[in-house]
1. Considering only residues that are in contact (Cβ under 8 Å) with a residue 12 or more places away in the chain and under 21 Å from Glu82 (Cβ atoms), which ones fall in segment 1-24?
2. Tally up the residues in segment 234-276 that are aliphatic (A, V, I, L, M) and modelled with pLDDT under 90, please.
3. When segment 32-53 is examined, which residues are found to be surrounded by 13 or more Cβ atoms within 10 Å (Cβ to Cβ) and of a type outside the set (Gly, Ala, Ser)?
4. Please name all residue pairs, on different chains or six or more residues apart, with Cβ atoms under 8 Å, provided the first residue is in segment 247-274 and is over 22 Å from Asn219 (Cα atoms) and without any contact (Cβ under 8 Å) to a residue 24 or more places away in the chain and the second residue is of a type outside the set (Val, Ile, Thr) and surrounded by 12 or more Cβ atoms within 10 Å (Cβ to Cβ).
5. Filter the helices (runs of 4 or more DSSP H) completely within segment 255-354 down to those with at least 2 residues that are in contact with a helix residue (DSSP H, G or I) (Cβ under 9 Å, 6 or more places away or on another chain).
6. In segment 100-117, which residues are out of contact with any helix residue (DSSP H, G or I) (no Cβ under 8 Å at 6 or more places or on another chain) and touching a residue at least 12 places away in the same chain (Cβ under 8 Å)?
7. Of everything in segment 80-102, what is of a type outside the set (Ser, Thr, Tyr), touching a Phe, Trp or Tyr at 6+ places or on another chain (Cβ under 8 Å) and surrounded by 17 or more Cβ atoms within 10 Å (Cβ to Cβ)? Give them in sequence order.
8. Being exposed (fewer than 12 other Cβ atoms within 10 Å of the Cβ), outside the structural domain of Arg218 (by TED's automatic domain parsing), at pLDDT below 90 and hydrophobic (A, V, I, L, M, F, W, C), is that true of even one residue in segment 305-317?
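The values are calculated or read from the model by the stated rules, or taken from the named source; none is laboratory data. As the structure is a computational prediction, the values presented were derived from the model and not from experiment. Here the Cβ is made from the backbone with ideal geometry for all residues, glycine too, and neighbour counts use every protein chain on show.
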Amino acid sequence: MHIHYNTNQTTLPLEISSFFPQDHLVFTIERVVNTLEDCYFHAFYHAFARPSYHPKMLIATLLFAYPQGIFSGRKIEKMMIENLAMQYLTGPLVVSYRTINRFRVAEGMEELIRNLFMDLNLRLKMEELVTLDCLFIDGTKIEANANKYSFVWKKATDTKTLLPLLETYPHDLKTVVADAGYGSEENLLRLDEKQVNHLIKYAMFDKEQKRGYKQSARNLANWHYDDKEDSYTHPYGWYYRFHHIKHQKTQTDFQQEIKVYYADEPKSAPQKGLYMNERYKNLKAKECQALLSPEGRQIFAQRKIDVEPVFGQIKACLGYKRCNLRGKRQVRIDMGLILMANNLLKYNKRTTQN
(Lines give C-alpha, C1' and ligand atoms only; values in the text may rest on other atoms or scores of the structure.)
Protein backbone atom coordinates (compact mmCIF):
# COMPACT_ATOMS: atom_id res chain seq x y z
CA MET A 1 0.00 0.00 0.00
CA HIS A 2 1.45 3.35 -1.07
CA ILE A 3 0.36 6.97 -1.00
CA HIS A 4 -1.13 7.92 -4.37
CA TYR A 5 1.55 9.16 -6.76
CA ASN A 6 0.75 10.66 -10.18
CA THR A 7 2.84 13.40 -11.81
CA ASN A 8 0.35 13.79 -14.69
CA GLN A 9 -2.55 14.90 -12.51
CA THR A 10 -3.84 18.36 -13.51
CA THR A 11 -4.19 20.71 -10.54
CA LEU A 12 -5.58 24.20 -10.09
CA PRO A 13 -2.96 26.89 -9.34
CA LEU A 14 -2.80 27.75 -5.64
CA GLU A 15 -1.49 30.82 -3.85
CA ILE A 16 2.28 30.23 -3.68
CA SER A 17 2.56 31.60 -0.14
CA SER A 18 0.43 28.71 1.13
CA PHE A 19 3.28 26.30 0.42
CA PHE A 20 5.66 27.90 2.95
CA PRO A 21 5.71 27.94 6.75
CA GLN A 22 4.90 31.28 8.35
CA ASP A 23 8.49 31.71 9.55
CA HIS A 24 9.99 31.44 6.04
CA LEU A 25 12.71 33.95 5.21
CA VAL A 26 10.96 35.06 2.03
CA PHE A 27 8.17 36.79 3.99
CA THR A 28 10.68 38.78 6.05
CA ILE A 29 12.52 39.91 2.92
CA GLU A 30 9.23 40.92 1.28
CA ARG A 31 8.17 42.92 4.33
CA VAL A 32 11.51 44.72 4.71
CA VAL A 33 11.88 45.58 1.01
CA ASN A 34 8.26 46.69 0.48
CA THR A 35 8.47 49.16 3.38
CA LEU A 36 11.45 50.97 1.83
CA GLU A 37 10.65 54.49 0.69
CA ASP A 38 10.25 55.04 -3.05
CA CYS A 39 12.80 57.87 -2.99
CA TYR A 40 15.53 55.25 -2.40
CA PHE A 41 14.95 53.95 -5.94
CA HIS A 42 15.02 57.20 -7.92
CA ALA A 43 18.46 56.36 -9.32
CA PHE A 44 16.96 53.30 -11.05
CA TYR A 45 14.14 55.19 -12.77
CA HIS A 46 14.45 55.85 -16.52
CA ALA A 47 11.92 57.77 -18.61
CA PHE A 48 13.00 56.21 -21.91
CA ALA A 49 13.10 52.79 -23.59
CA ARG A 50 10.97 49.85 -22.51
CA PRO A 51 9.66 49.53 -18.91
CA SER A 52 12.33 48.12 -16.62
CA TYR A 53 12.03 45.54 -13.86
CA HIS A 54 11.06 47.06 -10.53
CA PRO A 55 14.20 47.59 -8.40
CA LYS A 56 12.35 46.33 -5.31
CA MET A 57 11.90 42.97 -7.01
CA LEU A 58 15.55 42.84 -8.09
CA ILE A 59 16.96 43.74 -4.66
CA ALA A 60 14.59 41.21 -3.06
CA THR A 61 15.89 38.44 -5.34
CA LEU A 62 19.49 39.25 -4.41
CA LEU A 63 18.65 39.34 -0.70
CA PHE A 64 16.99 35.93 -0.99
CA ALA A 65 19.74 34.32 -3.10
CA TYR A 66 22.68 35.43 -0.94
CA PRO A 67 21.45 33.70 2.27
CA GLN A 68 21.22 30.47 0.25
CA GLY A 69 24.91 30.80 -0.63
CA ILE A 70 24.08 31.59 -4.28
CA PHE A 71 25.98 34.58 -5.70
CA SER A 72 26.21 33.83 -9.44
CA GLY A 73 23.87 35.73 -11.76
CA ARG A 74 23.24 32.57 -13.83
CA LYS A 75 22.35 30.54 -10.73
CA ILE A 76 20.02 33.29 -9.49
CA GLU A 77 18.27 33.22 -12.88
CA LYS A 78 17.98 29.44 -12.54
CA MET A 79 16.39 29.91 -9.10
CA MET A 80 13.63 32.01 -10.70
CA ILE A 81 12.73 28.98 -12.83
CA GLU A 82 13.11 26.18 -10.28
CA ASN A 83 12.82 27.70 -6.78
CA LEU A 84 9.24 28.18 -5.54
CA ALA A 85 10.21 30.71 -2.86
CA MET A 86 12.05 32.81 -5.44
CA GLN A 87 8.96 32.67 -7.68
CA TYR A 88 6.95 34.13 -4.81
CA LEU A 89 9.14 37.26 -5.03
CA THR A 90 9.38 37.47 -8.83
CA GLY A 91 5.99 36.12 -9.91
CA PRO A 92 5.97 34.79 -13.48
CA LEU A 93 9.02 36.88 -14.43
CA VAL A 94 12.38 35.31 -15.18
CA VAL A 95 15.10 37.95 -15.19
CA SER A 96 18.17 37.43 -17.34
CA TYR A 97 21.46 36.93 -15.52
CA ARG A 98 22.81 39.92 -17.46
CA THR A 99 20.12 42.15 -15.97
CA ILE A 100 20.83 40.80 -12.48
CA ASN A 101 24.55 41.48 -12.82
CA ARG A 102 23.99 44.96 -14.27
CA PHE A 103 21.60 45.85 -11.46
CA ARG A 104 24.07 44.59 -8.86
CA VAL A 105 26.70 47.11 -9.98
CA ALA A 106 24.29 49.90 -10.99
CA GLU A 107 25.09 53.51 -10.09
CA GLY A 108 22.63 53.86 -7.21
CA MET A 109 23.21 50.43 -5.69
CA GLU A 110 25.71 51.49 -3.04
CA GLU A 111 23.40 54.22 -1.74
CA LEU A 112 20.43 51.82 -1.78
CA ILE A 113 22.28 49.29 0.39
CA ARG A 114 23.30 52.06 2.80
CA ASN A 115 19.65 53.14 3.15
CA LEU A 116 18.61 49.52 3.56
CA PHE A 117 21.03 49.13 6.47
CA MET A 118 19.78 52.32 8.11
CA ASP A 119 16.13 51.28 7.75
CA LEU A 120 16.77 47.83 9.21
CA ASN A 121 18.79 49.36 12.05
CA LEU A 122 15.93 51.70 12.95
CA ARG A 123 13.44 48.83 12.66
CA LEU A 124 15.47 46.69 15.08
CA LYS A 125 15.71 49.59 17.51
CA MET A 126 11.96 50.32 17.37
CA GLU A 127 11.16 46.63 17.92
CA GLU A 128 13.64 46.60 20.84
CA LEU A 129 15.65 43.76 19.34
CA VAL A 130 18.94 45.66 19.70
CA THR A 131 20.35 48.42 21.85
CA LEU A 132 22.69 51.08 20.51
CA ASP A 133 24.55 51.63 23.77
CA CYS A 134 27.71 49.90 22.54
CA LEU A 135 29.23 49.75 19.06
CA PHE A 136 31.28 46.56 18.62
CA ILE A 137 33.89 46.76 15.85
CA ASP A 138 36.05 44.06 14.28
CA GLY A 139 37.44 43.13 10.88
CA THR A 140 38.33 40.11 8.77
CA LYS A 141 40.20 39.30 5.55
CA ILE A 142 38.36 38.06 2.45
CA GLU A 143 40.03 37.09 -0.81
CA ALA A 144 39.52 39.36 -3.81
CA ASN A 145 38.01 38.16 -7.08
CA ALA A 146 41.33 37.48 -8.76
CA ASN A 147 43.67 34.58 -9.38
CA LYS A 148 43.32 32.48 -6.23
CA TYR A 149 46.95 31.39 -6.53
CA SER A 150 48.22 34.98 -6.25
CA PHE A 151 46.76 35.84 -2.84
CA VAL A 152 48.74 38.64 -1.18
CA TRP A 153 48.57 39.54 2.51
CA LYS A 154 48.67 43.30 2.88
CA LYS A 155 49.58 45.06 6.10
CA ALA A 156 46.80 45.48 8.65
CA THR A 157 44.76 48.61 8.04
CA ASP A 158 42.33 48.37 10.96
CA THR A 159 43.94 51.32 12.74
CA LYS A 160 43.17 53.75 9.92
CA THR A 161 39.54 52.64 9.44
CA LEU A 162 38.09 53.40 12.89
CA LEU A 163 37.69 57.19 12.70
CA PRO A 164 36.25 57.24 9.13
CA LEU A 165 33.76 54.54 10.20
CA LEU A 166 32.59 56.53 13.22
CA GLU A 167 32.05 59.60 11.02
CA THR A 168 29.44 57.67 9.01
CA TYR A 169 27.67 56.15 12.02
CA PRO A 170 24.16 57.71 12.13
CA HIS A 171 23.47 57.35 15.87
CA ASP A 172 24.88 59.04 18.95
CA LEU A 173 27.79 56.98 20.20
CA LYS A 174 27.96 55.97 23.85
CA THR A 175 30.68 53.31 23.94
CA VAL A 176 33.01 52.02 21.21
CA VAL A 177 34.42 48.52 21.75
CA ALA A 178 37.20 47.15 19.53
CA ASP A 179 40.21 44.83 19.62
CA ALA A 180 43.92 45.62 19.59
CA GLY A 181 44.00 46.42 15.88
CA TYR A 182 42.32 49.76 16.59
CA GLY A 183 44.20 50.83 19.74
CA SER A 184 46.49 53.48 18.26
CA GLU A 185 47.40 56.73 19.98
CA GLU A 186 45.45 58.76 17.42
CA ASN A 187 42.26 56.73 17.83
CA LEU A 188 42.30 56.87 21.63
CA LEU A 189 43.07 60.60 21.63
CA ARG A 190 40.37 61.49 19.07
CA LEU A 191 37.72 59.50 20.94
CA ASP A 192 38.63 61.34 24.14
CA GLU A 193 38.30 64.65 22.31
CA LYS A 194 34.85 63.62 21.06
CA GLN A 195 33.95 62.58 24.64
CA VAL A 196 33.05 59.06 23.49
CA ASN A 197 33.53 56.22 25.96
CA HIS A 198 35.70 53.45 24.56
CA LEU A 199 37.06 50.02 25.41
CA ILE A 200 39.85 49.37 22.91
CA LYS A 201 42.77 47.07 23.54
CA TYR A 202 46.20 48.37 22.60
CA ALA A 203 49.00 46.22 21.20
CA MET A 204 50.66 45.15 24.48
CA PHE A 205 47.55 44.88 26.68
CA ASP A 206 47.28 41.07 26.84
CA LYS A 207 51.03 40.66 27.37
CA GLU A 208 51.02 43.20 30.20
CA GLN A 209 48.54 41.07 32.15
CA LYS A 210 50.84 38.03 32.27
CA ARG A 211 52.75 37.39 35.49
CA GLY A 212 56.05 36.88 33.66
CA TYR A 213 55.87 40.30 32.02
CA LYS A 214 54.87 42.03 35.26
CA GLN A 215 58.09 40.76 36.85
CA SER A 216 60.25 41.26 33.73
CA ALA A 217 63.02 43.85 33.50
CA ARG A 218 61.58 44.88 30.13
CA ASN A 219 58.47 46.19 31.84
CA LEU A 220 59.01 49.95 32.29
CA ALA A 221 56.80 49.85 35.37
CA ASN A 222 59.74 48.09 37.09
CA TRP A 223 62.19 50.86 36.14
CA HIS A 224 62.86 53.70 38.53
CA TYR A 225 62.04 57.15 37.15
CA ASP A 226 63.69 60.31 38.51
CA ASP A 227 61.41 63.22 37.61
CA LYS A 228 63.98 65.84 38.68
CA GLU A 229 66.68 64.62 36.31
CA ASP A 230 64.19 63.10 33.83
CA SER A 231 66.00 59.78 33.78
CA TYR A 232 65.25 56.06 34.06
CA THR A 233 67.21 53.42 35.96
CA HIS A 234 67.12 49.82 34.73
CA PRO A 235 66.30 47.20 37.43
CA TYR A 236 69.86 45.88 36.98
CA GLY A 237 71.45 49.30 37.42
CA TRP A 238 71.92 50.86 33.96
CA TYR A 239 71.17 54.54 33.82
CA TYR A 240 69.23 56.17 30.93
CA ARG A 241 69.39 59.93 30.63
CA PHE A 242 67.04 62.14 28.58
CA HIS A 243 68.68 63.25 25.32
CA HIS A 244 66.14 64.89 22.99
CA ILE A 245 62.53 64.93 21.77
CA LYS A 246 61.78 63.26 18.45
CA HIS A 247 58.79 64.33 16.33
CA GLN A 248 57.36 61.89 13.82
CA LYS A 249 54.22 61.52 11.70
CA THR A 250 52.10 58.44 11.13
CA GLN A 251 50.64 57.44 7.75
CA THR A 252 47.57 59.53 8.60
CA ASP A 253 49.73 62.64 9.30
CA PHE A 254 49.16 62.34 13.04
CA GLN A 255 51.96 64.07 14.96
CA GLN A 256 53.70 62.02 17.67
CA GLU A 257 56.17 63.27 20.26
CA ILE A 258 58.78 60.74 21.39
CA LYS A 259 61.21 61.35 24.25
CA VAL A 260 64.57 59.70 23.59
CA TYR A 261 66.81 58.46 26.42
CA TYR A 262 70.34 57.12 25.93
CA ALA A 263 72.25 54.78 28.24
CA ASP A 264 75.37 56.09 30.01
CA GLU A 265 77.09 52.76 29.28
CA PRO A 266 75.69 51.75 25.86
CA LYS A 267 78.16 48.90 25.30
CA SER A 268 77.11 46.92 28.36
CA ALA A 269 73.46 48.05 28.55
CA PRO A 270 70.78 45.64 27.25
CA GLN A 271 69.49 48.41 24.96
CA LYS A 272 71.29 51.55 23.83
CA GLY A 273 68.23 53.80 23.85
CA LEU A 274 64.80 54.15 25.40
CA TYR A 275 61.92 55.72 23.49
CA MET A 276 59.01 57.05 25.52
CA ASN A 277 55.70 58.41 24.21
CA GLU A 278 54.30 60.08 27.32
CA ARG A 279 50.90 60.92 25.84
CA TYR A 280 50.33 57.40 24.53
CA LYS A 281 51.54 55.96 27.84
CA ASN A 282 48.90 57.94 29.75
CA LEU A 283 46.19 56.98 27.25
CA LYS A 284 47.09 53.29 27.61
CA ALA A 285 47.06 53.51 31.41
CA LYS A 286 43.56 55.00 31.29
CA GLU A 287 42.42 52.35 28.80
CA CYS A 288 43.88 49.53 30.89
CA GLN A 289 41.98 50.72 33.96
CA ALA A 290 38.71 50.78 31.99
CA LEU A 291 39.28 47.34 30.45
CA LEU A 292 40.09 45.71 33.81
CA SER A 293 37.06 47.17 35.58
CA PRO A 294 34.13 44.75 36.20
CA GLU A 295 31.90 46.64 33.75
CA GLY A 296 34.67 46.81 31.16
CA ARG A 297 35.35 43.07 31.40
CA GLN A 298 31.66 42.29 30.92
CA ILE A 299 31.21 44.57 27.90
CA PHE A 300 34.42 43.44 26.19
CA ALA A 301 33.48 39.78 26.70
CA GLN A 302 30.15 40.47 24.98
CA ARG A 303 32.03 41.80 21.94
CA LYS A 304 33.45 38.36 21.27
CA ILE A 305 29.96 36.85 21.40
CA ASP A 306 28.30 39.42 19.13
CA VAL A 307 31.01 40.14 16.56
CA GLU A 308 33.30 37.14 16.13
CA PRO A 309 30.59 34.60 15.09
CA VAL A 310 29.44 36.83 12.22
CA PHE A 311 32.58 36.15 10.19
CA GLY A 312 32.21 32.41 10.76
CA GLN A 313 28.57 32.50 9.68
CA ILE A 314 29.37 34.42 6.50
CA LYS A 315 32.39 32.33 5.50
CA ALA A 316 31.45 28.85 6.70
CA CYS A 317 27.64 28.82 6.68
CA LEU A 318 26.92 31.06 3.68
CA GLY A 319 30.06 30.03 1.80
CA TYR A 320 31.21 33.60 1.16
CA LYS A 321 34.99 33.13 1.16
CA ARG A 322 35.95 35.45 -1.67
CA CYS A 323 34.44 38.50 -3.35
CA ASN A 324 32.28 37.96 -6.43
CA LEU A 325 32.90 41.39 -7.98
CA ARG A 326 35.98 43.42 -8.85
CA GLY A 327 36.78 47.03 -7.98
CA LYS A 328 36.48 48.76 -4.61
CA ARG A 329 33.00 50.15 -5.26
CA GLN A 330 31.68 46.79 -6.48
CA VAL A 331 33.27 44.99 -3.53
CA ARG A 332 31.52 47.38 -1.12
CA ILE A 333 28.22 46.49 -2.81
CA ASP A 334 28.95 42.76 -2.66
CA MET A 335 29.94 42.94 1.01
CA GLY A 336 26.85 45.01 1.77
CA LEU A 337 24.61 42.36 0.21
CA ILE A 338 26.15 39.45 2.12
CA LEU A 339 26.10 41.34 5.43
CA MET A 340 22.48 42.38 4.89
CA ALA A 341 21.63 38.76 4.03
CA ASN A 342 23.13 37.63 7.33
CA ASN A 343 21.22 40.37 9.18
CA LEU A 344 17.93 39.30 7.58
CA LEU A 345 18.52 35.68 8.58
CA LYS A 346 18.96 36.73 12.21
CA TYR A 347 16.05 39.18 12.08
CA ASN A 348 13.78 36.49 10.64
CA LYS A 349 14.79 34.04 13.36
CA ARG A 350 14.27 36.55 16.18
CA THR A 351 10.85 37.73 14.96
CA THR A 352 9.42 34.29 14.16
CA GLN A 353 10.83 32.05 16.90
CA ASN A 354 7.89 32.81 19.21
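1. Result: Ile16, Ser17, Phe19, Phe20, His24.
2. Step one: list which residues in segment 234-276 are aliphatic (A, V, I, L, M), which gives 245, 258, 260, 263, 269, 274, 276.
In the following step, the residues that additionally are modelled with pLDDT under 90 were identified as 269.
The total comes to 1.
3. Residues of segment 32-53 surrounded by 13 or more Cβ atoms within 10 Å (Cβ to Cβ): 32-33, 36, 40-41, 43-44, 53.
Across segment 32-53, the qualifying residues are Val32, Val33, Leu36, Tyr40, Phe41, Phe44, Tyr53.
4. Close Cβ pairs satisfying both conditions: His247/Gln256; His247/Glu257; Gln248/Gln256; Lys249/Gln256.
5. Working: elements: 278-292, 294-306, 308-312, 328-352.
Output list reads 278-292, 294-306, 328-352.
6. We begin by selecting, within segment 100-117, every residue out of contact with any helix residue (DSSP H, G or I) (no Cβ under 8 Å at 6 or more places or on another chain); these are 102.
Scanning segment 100-117 gives no hits.
7. Initial filter on segment 80-102 (of a type outside the set (Ser, Thr, Tyr)): 80-87, 89, 91-95, 98, 100-102.
Those still in the list that are touching a Phe, Trp or Tyr at 6+ places or on another chain (Cβ under 8 Å) too: 84-86, 89, 93, 95.
Of everything in segment 80-102, those that are of a type outside the set (Ser, Thr, Tyr), touching a Phe, Trp or Tyr at 6+ places or on another chain (Cβ under 8 Å) and surrounded by 17 or more Cβ atoms within 10 Å (Cβ to Cβ) turn out to be Ala85, Met86, Leu89, Val95.
8. Checking segment 305-317: at least one residue is exposed (fewer than 12 other Cβ atoms within 10 Å of the Cβ), outside the structural domain of Arg218 (by TED's automatic domain parsing), at pLDDT below 90 and hydrophobic (A, V, I, L, M, F, W, C).
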